[in-house]
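The values are calculated or read from the model by the stated rules, or taken from the named source; none is laboratory data. Predicted, not measured: the structure shown is a model, and the values here were computed from it. Methodologically, a virtual Cβ is constructed for each residue, glycine included, from the backbone with ideal geometry; neighbour enumeration extends over all protein chains shown. Just the protein is used for accessible areas: all its heavy atoms, side chains included, with ligands, DNA and RNA removed. Shrake-Rupley method; radii C 1.70, N 1.55, O 1.52, S 1.80 Å.
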Amino acid sequence: MEIKETLRKINSSLYNGAFIHAVRRALITLIPLIIIGMFSFMILSFPVSRYHQWVLEHEYTFFVAVLQKVNAVSLRFFSLLLSVLIGYFYGEHKKIRRVYSAMLGLLCSVCFLVVTGYGTESFDQSFFSTGGAFSAVLTSLICCPLFCLALQRFPSVWRGINPLVAASLTALPIMACIIVLFVLGSQILVQMGFGVKSIQAWVNGLLFGFFTDNREHEFLLAFIFHTALQILWFFGIHGNNFLTSINDGFYGAILDRNLEYGVQARWIVSSPFNNTFILMGGTGCILGLILAIFLFSKKNANRTIGRWGILPGIFNISEIISFGLPVVMNVHFLIPFICVPLVNLIVAYSATFIGLVPVVTHSVNWTTPVILSGYQATGSISGSILQIVLLAIDVAIYRFFLLRYERVTDMNFKTEVRALEDFLKDCEIQNKKADLIHMDDELGFVAQNLMNDLKDDLRAGKLFMLYQPQYDTKNHIVGAEALLRWQNEVAGFIYPPLIIEIAKEGGFLHELEIFIFNTTCRMIKELEGTLDYDFKISANITESSLHDPDFEQMVLDAVQNAEINPKNLWIEITEQEAITSTEKLERLKLYGHRLMIDDFGMGHTSITYLQTNLFDVVKLDGSLTHTLLDNPRSKNIITSLTDLSKQFKMKVVAEYVETEAQRDELAEIGCDVFQGYLYSKPISGEDLKVLMKK
């Protein structure tokens, strides 16, 4: 347990660190552009020679031009946009005003231009694209804390002017000082004789020089390169872009040498060797994880992510799985994410070194699928066989960590769902609007996952109704309340108001209510004739139901399809709901339905509802009936509400009745119907039939 708790704390700290949080969210935000750019490149580079001839030799050159343009505009300003987003999300995480977050994003982008040497003769346009990602993160790492610290130390002193203007004037000296610091720092580095015109070029030169000077230690360099690549990716930093000078410059040059020597080539590790054998499916050999998900995962959410990631994974695009599962900054995948490519390196290097597989002497596009790329890179079927062996090893490694991750996430999910339920209960007590799925925190993420599970289970028919019987003062069963229940496969039974809330926020409350009313009406039909007097079942609705243009017709359809009398289906709405429109309720009452106020007595609208002559029954708030015997004030309130209800000829239902003494006291006060564990817990429809036959 101590190890699990330690891992949980480490994982939490990774997610909650302001800068790591900002980098991760910035990269996730850029995923659409990354996918668009990479898919356009994938189509352009589709690894079939006839395809290239067909495209280039016929009238489809316009098609090629469009794809090239899409690829260019998607990725051309990747690093510049990355710096803007990191600054914005850092400020948002620090909860500074949104206008300051936007200014921080602009500040990071300007400092990025300074670091990359924009405006000088040596400026490389690739710094705007993926090649400048290192500079984007580095400058943001310095700018963001400086800006927020200065903003805290020197708050706004501007009063009586437009708030946006005041914010701009406050940020002006801070931004000016930081920009000047970056310009001075860059100039000092250039003037000190490093021989470069920008920090970005200086860093690239250092990395390239280190690898060039140690060229003879081929395997060790490859081990260092792939370890650094995976560590960068794990922290949400695009490692391929950071190390582009090594991957494209150093290892690209090695491929050129191998092409010169042909079968006499001596260098094993090259750019296509890395893409073909080490990074199958993209960084971290994500294809192995995707296959492990399809073969062994028991979680629908993970399998859904796997389905989305399979096609990009085949073409070595890993971002959907890396950020969607997620893998990056997820401590449960730290070991396999780093070690799987290193295992591939050891096996592939050894197989090539002893001659089982030829040295890679052919240039292969990095988007070429597995098996085909192995054959093209080596010119031998043994290259494809090696890839199959490596994939089997990768799947076996990822399987262990995937199943362990699912067990841990299941336990965490249960805890988080309970926390989400508590949060919603607090909102109910404070009469505050709950916007669960849009919360920008862990609870919001849980609400979104729960919403997806609810939608799937609703359409799969996994939700069900229970019925809690109601008795009159003569101990005759006179009705029941229909109660929605959902048992999530991981978190267990879910708090019913939470089910309704996330269905409402998710936009499928109408679909859920169709299930509730159809099921309830069918149950009423099945119970017809069981008793020699009318038996009613009440179904709950919300204020949102009344704003649904199809709600009224949905109720009518449910009644007609079940062929029941509308008077046996009561409509129950919570008193806490602020009813702003009563037209639908009035029409439903004309159709024969009786209307009931639930949780009556603790809201500010109680007396108003008594004046409307709309409702037929009130159900007392459970907090009153539950404390009746212990709190004299509860008895006084109930007595007052009961007297008022009687004057308006409304029946009174008391719920949460658990003891005979409580029931007797409520009956003496004037309550007509009782519901609670004294009589029965909520039971299934079949059990209700048996109870009524008795």
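I'm checking my understanding of the structure. Among residues of the stretch 643-693 that are more than 29 Å from residue 516 (Cβ to Cβ) and of a type outside the set (D, E, K, R), which one is most open to solvent (accessible area, probe 1.4 Å)?
647
Hey, among 420, 443, 484, which residue is among the hydrophobic types (A, V, I, L, M, F, W, C) and not in a helix (DSSP H, G or I)? So that I can check it myself, show each step before the final result.
Details: 420 fails: not in a helix (DSSP H, G or I); 443 fails: not in a helix (DSSP H, G or I).
Exactly one of 420, 443, 484 is among the hydrophobic types (A, V, I, L, M, F, W, C) and not in a helix (DSSP H, G or I), namely 484.
Which of the residues belonging to the stretch 548-581 are part of a loop (DSSP other than H, G, I, E, B), modelled with pLDDT of 85 or more and closer than 21 Å to residue 497 by Cβ?
First pass over the stretch 548-581, keeping only residues part of a loop (DSSP other than H, G, I, E, B): 548-550, 563-565, 575-581.
Then keep just the ones that are modelled with pLDDT of 85 or more; that gives 548-550, 563-565.
Answer for the stretch 548-581, where residues must be part of a loop (DSSP other than H, G, I, E, B), modelled with pLDDT of 85 or more and closer than 21 Å to residue 497 by Cβ: just 548.
Output the qualifying pairs, or none if there are none: Cβ atoms under 7 angstrom, residues six or more apart or on different chains, first residue in the stretch 287-302 and over 16 Å from residue 336 (Cβ atoms), second residue open to solvent by less than 40 Å² (accessible area, probe 1.4 Å) and not aromatic (Phe, Trp, Tyr).
Filtered contacts from the stretch 287-302: 294/306; 298/406; 299/406.
When you scan the stretch 514-547, how many residues do you find that are out of contact with any strand residue (DSSP E or B) (no Cβ under 7 Å at 6 or more places or on another chain) and either assigned to a helix (DSSP H, G or I) or at positive phi (or both)?
Within the stretch 514-547, residues that are out of contact with any strand residue (DSSP E or B) (no Cβ under 7 Å at 6 or more places or on another chain) and either assigned to a helix (DSSP H, G or I) or at positive phi (or both) number 12.
When only residues in the stretch 16-35 that are in contact with a Ser or Thr (Cβ under 8 Å, 6 or more places away or on another chain) and open to solvent by 10 Å² or more (accessible area, probe 1.4 Å) count, which is nearest to residue 142 (Cα to Cα)?
19
Restricting the first residue to the stretch 19-33 and requiring it to be part of a helix (DSSP H, G or I), which pairs with a second residue that is open to solvent by less than 40 Å² (accessible area, probe 1.4 Å) and among the acidic types (Asp, Glu) meet a Cβ separation below 6 Å and a spacing of at least six or different chains?
31/319
I need the full set of residues from the stretch 539-555 which are under 23 Å from residue 461 (Cβ atoms) and either among the hydroxyl-bearing types (Ser, Thr, Tyr) or in contact with a Lys or Arg (Cβ under 7 Å, 6 or more places away or on another chain) (or both), in order please.
Selection gives 542, 545, 551.
Return the residue satisfying two criteria in turn: it lies in the stretch 310-329 and is outside any loop (DSSP other than H, G, I, E, B) and open to solvent by 10 Å² or more (accessible area, probe 1.4 Å), and of such residues it is nearest to residue 25 (Cα to Cα). Break it down into steps so the answer makes sense when it comes.
Initially, the stretch 310-329 is screened for residues outside any loop (DSSP other than H, G, I, E, B), giving 310-314, 319-324.
Subset that is open to solvent by 10 Å² or more (accessible area, probe 1.4 Å): 310-311, 314, 320, 323-324.
Numbers: 310: 23, 311: 24, 314: 25, 320: 14, 323: 9, 324: 12 Å.
Filtering first and then ranking leaves 323.
Somewhere in the stretch 201-211, is a residue surrounded by fewer than 20 Cβ atoms within 10 Å (Cβ to Cβ), touching a helix residue (DSSP H, G or I) at 6+ places or on another chain (Cβ under 8 Å), modelled with pLDDT of 80 or more and closer than 30 Å to residue 285 by Cβ?
So far as the stretch 201-211 goes, no, none of its residues is surrounded by fewer than 20 Cβ atoms within 10 Å (Cβ to Cβ), touching a helix residue (DSSP H, G or I) at 6+ places or on another chain (Cβ under 8 Å), modelled with pLDDT of 80 or more and closer than 30 Å to residue 285 by Cβ.
Mind checking which residues of the stretch 343-387 are surrounded by 19 or more Cβ atoms within 10 Å (Cβ to Cβ), assigned to a loop (DSSP other than H, G, I, E, B), more than 38 Å from the chain's Cα centre (by Cα) and hydrophobic (A, V, I, L, M, F, W, C)?
Answer for the stretch 343-387, where residues must be surrounded by 19 or more Cβ atoms within 10 Å (Cβ to Cβ), assigned to a loop (DSSP other than H, G, I, E, B), more than 38 Å from the chain's Cα centre (by Cα) and hydrophobic (A, V, I, L, M, F, W, C): 357, 359, 360.
Of everything in the stretch 408-453, what is open to solvent by 50 Å² or more (accessible area, probe 1.4 Å), of a type in the set (A, V, I, L, M) and under 23 Å from residue 330 (Cβ atoms)? Give them in sequence order.
Across the stretch 408-453, the qualifying residue is only 411.
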